[in-house]
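Here's the structure, in structure tokens; my notes come after.
The values are calculated or read from the model by the stated rules, or taken from the named source; none is laboratory data. Computed from a predicted model, the values in this text were never measured in an experiment. Note that we place each Cβ from the backbone using ideal geometry, even for glycine, and neighbour counts take in every protein chain shown. We work out accessible area using only protein heavy atoms, side chains counted, and drop any ligands, DNA or RNA first. Shrake-Rupley method; radii C 1.70, N 1.55, O 1.52, S 1.80 Å.
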Amino acid sequence: MVEQLVFYALSGILVFAGSMVVTVRNPIHAALFLVLSFFTTAGIWLLLDAEFLAMTLVLVYVGAVMVLFLFVIMMLDVNLVVLREGFSRYLPVGILIAVLLGLELSMVVGASQFGLDIVPAPAHHGAGYSNIEELGSVLYTVYVYPFEIASVLLLVAIVAAIALSLGEHRKNRKGQRPEEQVAVNRKDRVRLVQMAAERPDSDTP
Amino acid sequence: MPEIPLLDLLPSGLQTLTLILLKIIAIVTPLLLCVAYLTYAERRVIGFMQVRMGPNRVGPIGLLQPIADAVKLAFKELIIPAGANRFLFILAPIISLSAALSAWAVVPFGPDRVLADINAGLLYILAMTSMGIYGVIIAGWASNSKYALLGAMRSAAQMVSYEIAMGFALVGVLMAAGSLNLGEIVNAQAGGFGHWFVWPLLPLFVVYFISGVAETNRAPFDVSEGESEIVAGFHVEYSGMSFSVFFMAEYANMILISVLSSTMFLGGWLSPFEGLVSAETLASPLGSLLDSGFHWFVFKVALFLFFYLWFRATFPRYRYDQIMRLGWKVFIPVTLVWIFVIGVAIAAGIGPWFD
């Protein structure tokens with residue numbers, strides 16, 4: 001009873017936030033609604049005893065990815081008027097695509113494919129059940145090769161990103177070298193010049 | 001379950017709810033008092049370190065100063081700048097404080113003395129503390145001020161960077177303890193101060209605490225406020241209560257980081273003399289002091305809080321690029337190498353921690 005109430009409350013907020021993401025004018029507001037929808041999704045996953053996935057969703061997507069997203073959006077100078085140009089012209093095509101997508105989605109994940117008689121509701125586990133242990137034991141035994149391949153792919157992506165950012169500018173990169181900064185010697189930088197406090201008489205006109 | 005009068009009169013669903021609410025009040029009220037007196041302690045300690053008196057006028061030795069400050073802040077005008085986004089401007093301090101307070105749900109204060117004894121406690125804390133960034137970012141953006149936006153940008157980049165090092169340090173802890181539950185992490189360190197995780201995880205401990213100082217935006221990592229550079233950073237435009245809510249969130253986070261450091265590395269409520277003193281001494285009046293208990297927890301947390309204040313009085317502010325370098329090029333490699341070392345140590349069963 002309480003669980004159903006929580007589920008409907010969370011899904012209500014999720015649907016609301018999801019539709020706001022694509023309809024609000026301000027991109028910052030859209031990003032914040034996306035954060036809200038991630039958060040409520042995490043809540044729904046918690047109802048499924050998937051606490052590891054829920055926490056990681058909050059930790060990775062809410063805590064890191066969306067922060068960088070916001071970071072970039074705040075830096076951008078988005079011209080809203082230009083963005084909304086031609087809205088009425090593209091509207092019929094947009095509606096057509098949306099309706100098509102909706103139909104396809106309902107065909108694939110509708111009650112005929114994923115109804116309770118085909119896929120039974122997941123059983124609830126007791127208080128001692130640890131989702132993290134279950135995931136770990138499967139991930140490192142049955143699915144060890146896919147897991148390793150995925151991690152190697154991510155490693156390749158990291159290396160590629162760093163290589164791209166270093167890129168062609170490697171020669172004239174203006175990075176700082178802290179070890180040289182620390183090893184700076186006063187003698188190399190400052191030259192003290194001894195001067196007479198007054199000019200000799202012959203200099204003055 | 002403790003006996004609470006009149007509780008039986010309520011229906012059973014409401015009983016649990018009332019009990020949980022009472023527990024929350026029992027945690028949050030002392031916490032907010034600690035926050036108030038931490039500000040007082042900070043001013044006094046830094047005062048003495050800089051050979052001056054600090055606040056000493058309100059009440060005996062200035063003890064009523066935090067209350068006077070709170071009253072002053074509560075009666076100040078709440079100014080919302082023109083051009084600010086009203087809703088987000090008000091929402092930002094609320095997010096900050098709720099993120100700072102919600103992490104306290106899984107903190108164990110003693111054996112079985114915890115609000116929510118969940119399996120994924122460590123992950124929950126990481127997730128909740130990462131929510132705190134939103135308060136800062138939203139405040140910076142909604143204020144419609146260049147200084148505030150700059151402060152928010154700096155703080156967002158810094159917090160995202162240090163969260164990675166912090167997460168890796170926690171991976172080391174969970175490997176050593178074999179659990180994500182904070183209570184079990186403490187129990188895994190039982191057996192005197194030689195069994196605490198500081199010793200096998202010393203580099204991770206140092207990385208964790210320094211990252212914690214950076215996460216809470218405290219000196220010497222306080223570039224998001226940087227009063228000599230960008231006035232007051234993300235909360236320039238805040239006044240009165242909305243400012244003080246940010247302030248409370250910052251200090252609650254400081255206490256949280258101290259609590260977590262002492263729980264995960266210094267054995268939480270465990271006594272350092274465990275196994276060293278005999279049973280007869282423990283039975284004596286002095287023994288209860290030497291025995292494990294809440295007072296050790298408080299003592300360890302106070303130690304870390306003192307470190308916070310000490311840092312602030314001692315170190316000059318880090319330059320921004322140096323902060324990034326420390327986070328990415330020093331802390332993350334150190335934690336990665338040490339996780340590998342712990343893996344080897346666990347496989348070899350090196351005692352007294354991993355046998």
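Using a Förster distance of 25 angstrom, determine the FRET efficiency expected from the C-beta separation of A:THR141 and B:PHE354, and round it to 0.05. Spell out each step's value before the answer.
Values: r = 22 Å, r/R0 = 0.90.
With R0 = 25 Å, the Cβ-Cβ based efficiency is 0.65.
Largest first, please: the extent of the C-alpha atoms of region B:159-230 along each principal axis, to the nearest Å.
48, 21, 19 Å, listed from the longest principal axis down.
Enter the accessible area of B:ARG319 (Å², nearest 10), with the probe set to 1.4 Å and all protein chains included.
100
Could you compute how much accessible area chains B and A hide from each other, both sides summed, with a 1.4 Å probe? Nearest 100 Å² is fine.
Roughly 2200 Å².
Under the rule that an exposed site lies in a DSSP loop and has at most 11 other Cβ atoms within 10 Å, name the longest stretch of chain A with no GluC sites (Glu not before Pro) of that kind, not counting the sites themselves.
A:86-197
At a probe size of 1.4 Å, how large is the accessible area of B:LYS72, to the nearest 10 Å²?
Near enough 110 Å² of accessible area.
Given a 10 angstrom Cα cut-off, can you work out which residue in A:MET75, A:MET66, A:MET55 is the most mobile in a GNM of chain A?
Ranking A:MET75, A:MET66, A:MET55 by mean-square fluctuation puts A:MET75 first.
Would you mind working out the accessible area per residue for the protein assembly as shown, using a 1.4 Å probe, and quoting it in Å²?
Each residue of the protein assembly as shown exposes 58 Å² on average to a 1.4 Å probe.
Please identify every one of the trypsin sites (Lys or Arg not before Pro) in region A:1-110 that sits in a loop by DSSP and has no more than 11 other beta carbons within 10 Å of its own beta carbon.
Sites meeting the loop and neighbour criteria: A:ARG25, A:ARG84.
Could you work out what % of the accessible surface of the protein assembly as shown is carbon and sulfur, using a 1.4 angstrom probe and leaving DNA, RNA and ligands out of the count?
Answer for the protein assembly as shown: carbon and sulfur cover 69 percent of the accessible area.
Restricting to DSSP H runs of at least four residues, report the calculated mean residue ellipticity at 222 nm for the protein assembly as shown, -39500 (n - 2.57) per run over all residues, nearest 500 deg cm²/dmol.
-20500 deg cm²/dmol
Please return the longest range in chain B lying between exposed loop sites, taking GluC sites (Glu not before Pro), DSSP loop only, at most 13 other beta-carbon atoms within 10 Å, and leaving the sites out.
B:78-355
Any idea of A:SER130's accessible area? Nearest 10 Å², probe 1.4 Å.
Approximately 20 Å² for this residue.
For region B:333-355 and region B:68-130, compute the distance between their C-alpha centroids and round to whole Å.
Centre-to-centre distance over Cα atoms comes out at 35 Å.
So, in nm, how far is label B:ALA302 from label A:LEU76 when the simple model puts each one 7 Å beyond its Cα toward the Cβ?
If labels sit at B:ALA302 and A:LEU76, their model points lie 5.3 nm apart.
Round to the nearest 0.05 the FRET efficiency obtained for B:ILE94 and A:SER202 when R0 = 56 Å and r is the Cβ-Cβ distance.
0.15
Extent of the protein assembly as shown along each principal axis, from alpha carbon coordinates, in Å, largest to smallest?
110, 86, 59
Between A:ASP117 and A:PHE7, what is the label-point separation in nm under the 7 Å Cα-to-beta-carbon projection?
If labels sit at A:PHE7 and A:ASP117, their model points lie 1.9 nm apart.
In nm, to one decimal, how far is the B:ILE79 label point from the B:MET49 one, both placed 7 Å along Cα→Cβ?
So the two model labels end up 3.1 nm from each other.
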